[in-house]
Amino acid sequence: MTQIAQPTGKLGVLIPGLGAVGTTFIAGVLNIRRGLAAPIGSLTQMGTIRLGKRTEGRSPLIRDFVPLAGLDDLVFGAWDIFEDNAYEAAKSAAVLGDEHLDGVREELEAIRPMKAVFSHEYVKRLDGPHVKSGANKMELAEQLRQDIRDFKAANGVERMVMIWCGSTEIYLQRAEAHATVEAFEEGLRNNSPDIAPSMIYAYAALMEGVPYVNGAPNLSVDIPALISLANERNVPIAGKDYKTGQTLMKTILAPGLKARLLGLNGWFSTNILGNRDGEVLDDPASFRTKEESKLGVLDYILQPHLYPELYGGFYHKVRINYYPPRGDNKEGWDNIDIFGWLGYPMQIKVDFLCRDSILAAPIVLDLALFMDLAQRAGMRGIQEWLSFYFKSPMTAPELYPEHDLFIQLTKLKNNLRHLMGEELITHLGVEYYE
Ligand SMILES: NC(=O)c1ccc[n+]([C@@H]2O[C@H](COP(=O)([O-])OP(=O)(O)OC[C@H]3O[C@@H](n4cnc5c(N)ncnc54)[C@H](O)[C@@H]3O)[C@@H](O)[C@H]2O)c1
């Protein structure tokens, strides 16, 4: 069994980006801890874990099995390019109704974002007044580090996690400034254009020993320099891009098709959404980042190189269309052209009327609690066991990511069993028939 420090004291949850996802998460937790709502969708709050044999009847709640911080111990902090407090930001995101905002209004109003590290260069559809200035990117990183220390002192928190809920930045490829910690720090001092704001937050978090989660598809912490820094400093990191909506459905359906060896000719996915995220993604450079994150999923699940007759050369297209009347209530259509026995074609149509931030909020909660657990258990670097929550999971360089939701869940739960010294569950089952 791994030595795990107990979750004593308060846990600070630091959120760059107080928008739809960030405020839906915070307001949700405030409602839940007052007993006004249920934490639906959260594995840490509602999930159970089977231990031992099926005949033993041991299935505790995950939160009773592993030592997680309690919801009452969470304290929230944020950065944003707008000055709106969490109540105002939640009102303008218009995800939650007044029935979930009025009762916690004072607590939300008390959460005022710190000035952001931001540059319009990296999010072309966005600009705002509440932004830090400094001689170079290293100075901006120093200011973020000071914010983290000030937050800790002002709120008396014992530990912190940082979880990116900011906008999707433009598509960046790995560059020289991302190669090593030294090159990255040099790049901060020289204002390298290859260093995006989300990387500066990640750097600041790691330097302060704070676990960092990347909820957007931006490279952010997924560069060799910051992965090395996380390992050197014994800090856990995870990403990228919360798995919600259409991609969630894809990673539920595709493993089923593959399990039954049904072929695929094409998968066309289109979305309409009208929130600020949709507006940002209307810019081709930000969409490119998202597209990369959404497209990989099917290839990895279907493995065309192993099943060329079934999955060689299927057509995959993903579209996101900004359509303001819908707000956060996205509609995602999928048209899936499959084929079966003797090659006869069939079609599946999915029309998912979803609420993006309602799907994302429990993920933010689980990641905050599990990353804090990981740190207390001495785990560092990439936390692949949290792939369950991401569209584009980070892995060691020599590995391909696991996208199948059910394998991801087995992986997550086996990691918890392993942490607690319980037997892993292989689903072999012969022992019941001996
Ligand atoms: N289901 C989902 O909603 C979902 C799923 C996967 C990923 N994501 C990602 O999560 C992120 C947040 O989504 P959202 O719907 O809340 O978007 P949003 O536009 O409502 O919120 C983003 C907030 O981040 C702020 N911001 C942008 N750059 C910043 C910076 N450098 N520092 C501080 N604040 C900054 C913006 O002002 C805005 O308030 C996006 O990148 C989105 O792609 C969302």
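The values are calculated or read from the model by the stated rules, or taken from the named source; none is laboratory data. Because the structure is a prediction, the values reported are computed rather than measured. Every residue, glycine among them, receives a Cβ derived from its backbone with ideal geometry; neighbour counts consider all protein chains shown.
Tabulated values for the structure
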| quantity | calculated |
| --- | --- |
| When residues of segment 1-54 are limited to those that are at pLDDT 95 or above and hydroxyl-bearing (Ser, Thr, Tyr), the one surrounded by the fewest Cβ atoms within 10 Å (Cβ to Cβ) | 8 |
| Residues of segment 376-433 satisfying the condition of being in contact (Cβ under 8 Å) with a residue 12 or more places away in the chain and among the charged types (D, E, K, R) | 376, 380, 384, 391, 402, 404, 411, 413, 417, 422, 423, 431 |
| Enumerated helices (runs of 4 or more DSSP H) restricted to segment 59-166, each holding at least 1 residues that are farther than 23 Å from residue 23 by Cβ and away from the ligand (no atom under 11 Å from the Cβ) | 62-65, 137-155 |
| Residue ID - farthest from the ligand (Cβ to nearest atom), chosen from residues in segment 175-215 that are part of a loop (DSSP other than H, G, I, E, B) and closer than 30 Å to residue 74 by Cα | 209 |
| Members of segment 419-434 found to be surrounded by 10 or more Cβ atoms within 10 Å (Cβ to Cβ) and of a type in the set (Asp, Glu), listed by number | 422, 423 |
| Counted residues, segment 257-280 - those being at pLDDT below 90 and of a type outside the set (Gly, Ala, Ser) | 6 |
| Test for residue 172: is it assigned to a helix (DSSP H, G or I), touching a residue at least 12 places away in the same chain (Cβ under 8 Å) and within 16 Å of the ligand (Cβ to nearest atom) | no |
| Out of 412, 424, sole residue that is in contact with a His (Cβ under 7 Å, 6 or more places away or on another chain) and either in the same structural domain as residue 258 (by TED's automatic domain parsing) or farther than 27 Å from residue 78 by Cα (or both) | 424 |
| Selection count, segment 5-23, where residues are within 16 Å of the ligand (Cβ to nearest atom) and not in a strand (DSSP E or B) | 7 |
